[in-house]
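S.K.: Handing you this structure, nothing more for now.
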Amino acid sequence: MEKIKLFDKCFRPYIPYERLSEAIDRVAAQINADFKDADDVPVLLCILNGSVMFTSELMKRLEFPLELVSMKLTSYSGTVSTGDVHRVLGPTADLRGRRVIVVEDIVDTGNTIVALRDYMKEVGARGMKICTMLLKPDIYKKDVQLDYVGLEIPPAFIVGFGLDYNGIGRNSKDIYVLDESAE
Ligand code: 5GP
């Protein structure tokens with residue numbers, strides 16, 4: 001794997017796809033154990049756009065009937081979280097009375113997760129589980145429980161596997177980290 005350049009910034013290889021794939025196997029096994037005997041149809045809620053790649057990998061591994069629903073939220077501008085979470089699209093189905101498994105690409109400050117928890121209450125979802133591919137534990141200090149976590153990472157800015165820098169870089173299969181030494 002080699003360094004990549006996205007607009008003005010340089011990124012170096014960080015987490016290869018193979019490690020992500022193993023983590024997804026583990027998380028999927030946990031979700032299957034919790035939901036395999038469900039007598040409802042749980043919602044798998046893909047948080048656009050960052051979770052698209054993770055959601056598609058995860059849902060291939062889930063072995064119970066589920067409904068895929070999407071919703072778009074924004075909070076990031078460039079490499080910085082603005083703290084203000086806006087719902088800009090969806091959800092694409094009514095969540096009232098449903099059990100929802102939220103699929104997030106990464107939990108950083110947790111502002112998005114808190115906004116989602118409040119939103120689920122507001123629309124009357126029956127329950128919410130959080131599944132995130134990545135977590136920055138040094139930054140996340142909110143009280144919302146993260147039920148399924150793929151990998152923990154230090155507080156750095158990453159791209160790839162669905163995550164972007166100003167809109168690009170999402171299509172990389174591996175994850176890259178901002179290379180500060182190249183600034
Ligand atoms: P939070 O609300 O937890 O601060 O951030 C959640 C959202 O910010 C994530 O869903 C993701 O879109 C974006 N985000 C957080 N950390 C990173 C990062 O390191 N790289 C990228 N590309 N996006 C991030």
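Bear in mind these aren't lab numbers, they're just calculated from the coordinates by the rules spelled out. Here the structure is a predicted model, which is why all the values come from computation and not from measurement. Don't worry about glycine lacking a Cβ; one is built from the backbone with ideal geometry, like all the others, and counts go over all protein chains shown.
S.K.: Where a Cα-Cα gap under 30 Å defines reach, which lysines qualify for LYS36, not counting those fewer than 8 residues away within the same chain?
M.R.: LYS60, LYS72, LYS121, LYS129, LYS136, LYS142, LYS173
S.K.: What is the distance in Å between the Cα centroid of segment 27-62 and that of segment 131-147?
M.R.: So the two Cα centres are separated by 17 Å.
S.K.: Please list the equivalent ellipsoid semi-axes of the chain, computed as the square roots of five times the alpha-carbon gyration tensor eigenvalues, in descending order and whole angstrom.
M.R.: On the way: eigenvalues 153, 68, 38 Å².
After scaling each eigenvalue by five and taking roots: 28, 18, 14 Å.
S.K.: Another question, then. Which percent, nearest 5, of DSSP beta bridges in segment 73-159 are antiparallel?
M.R.: On the way: 4 of 16 bridges.
Counting only bridges with both partners in segment 73-159, antiparallel ones make up about 25 percent.
S.K.: Something else about it: Please state the charge dipole magnitude for segment 1-98, taken about the Cα centre, from unit charges on C-beta atoms (+1 on K and R, -1 on D and E), reported in debye and rounded to the nearest 20.
M.R.: Numbers: 13 positive and 14 negative charges, 102 e Å.
Using Cβ point charges on Lys, Arg, Asp and Glu, segment 1-98 gives about 500 debye.
S.K.: Separate question: Please list the non-local residues whose amide H lies under 5 Å from the amide H of LEU6, H modeled 1.01 Å from N, same-chain partners needing a gap of 5 or more.
M.R.: PHE11
S.K.: Can you list the residues, at least 5 places off or on another chain, whose amide H is less than 5 Å from the amide H of ASN166, using H built in the peptide plane?
M.R.: For ASN166, whose amide H was placed from the backbone, the distant partners under 5 Å are GLY78.
S.K.: Limiting things to C-alpha atoms, what are the Rg and the maximum Cα-Cα separation (Dmax) for segment 65-115, in angstroms?
M.R.: 12.3, 37
S.K.: Of all beta bridges DSSP finds with both residues in the chain, what is the antiparallel percent, to the nearest 5?
M.R.: Numbers: 16 of 38 bridges.
About 40 percent, rounded to the nearest 5.
S.K.: Select from segment 43-111 those GluC sites (Glu not before Pro) which occupy a DSSP coil region and have at most 14 other Cβ atoms within 10 Å, ordered by residue number. Each step should come with its number before you reach the end.
M.R.: Details: sites: GLU57, GLU63, GLU67, GLU104; in loops: GLU63.
When the GluC sites (Glu not before Pro) of segment 43-111 are filtered for loop state and at most 14 Cβ neighbours within 10 Å, GLU63 remain.
S.K.: In the chain, which whole DSSP H runs stretch at least 15 Å along their own axis (Cα) and average -0.5 or higher on the Kyte-Doolittle scale?
M.R.: Details: long enough: 17-35 (26 Å, -0.27); 111-123 (18 Å, -0.04).
Qualifying helices, which must be both long enough and hydrophobic enough, are 17-35, 111-123.
S.K.: Under 5 Å between amide hydrogens, which residues at least 5 positions from ALA93 or on another chain qualify, with H placed 1.01 Å from N in the peptide plane?
M.R.: Amide H to amide H, under 5 Å and 5 or more residues apart or across chains, ALA93 pairs with SER70.
S.K.: Strictly greater than 22 Å: what percent of every Cα pair in segment 96-183 meets that?
M.R.: Numbers: 1306 of 3828 pairs.
Of all Cα-Cα distances in segment 96-183, 34 percent exceed 22 Å.
S.K.: Another one. Take the chain, connect every pair of alpha-carbon atoms lying under 10 Å apart with a spring to form a Gaussian network, then pick out the residue of SER70, SER51, SER172 with the largest mean-square fluctuation.
M.R.: SER172
S.K.: Then there's this: Explain nothing, just the number: dipole magnitude of the chain about its Cα centre with +1 on each Lys and Arg Cβ and -1 on each Asp and Glu Cβ, in debye rounded to the nearest 20.
M.R.: Around 280 debye, computed over the chain.
S.K.: Remind me, what semi-axes does segment 1-79 give for its equivalent ellipsoid, largest first in whole Å, using sqrt of 5 times each Cα gyration tensor eigenvalue?
M.R.: Listed largest to smallest, the semi-axes of segment 1-79 are 30, 18, 8 Å.
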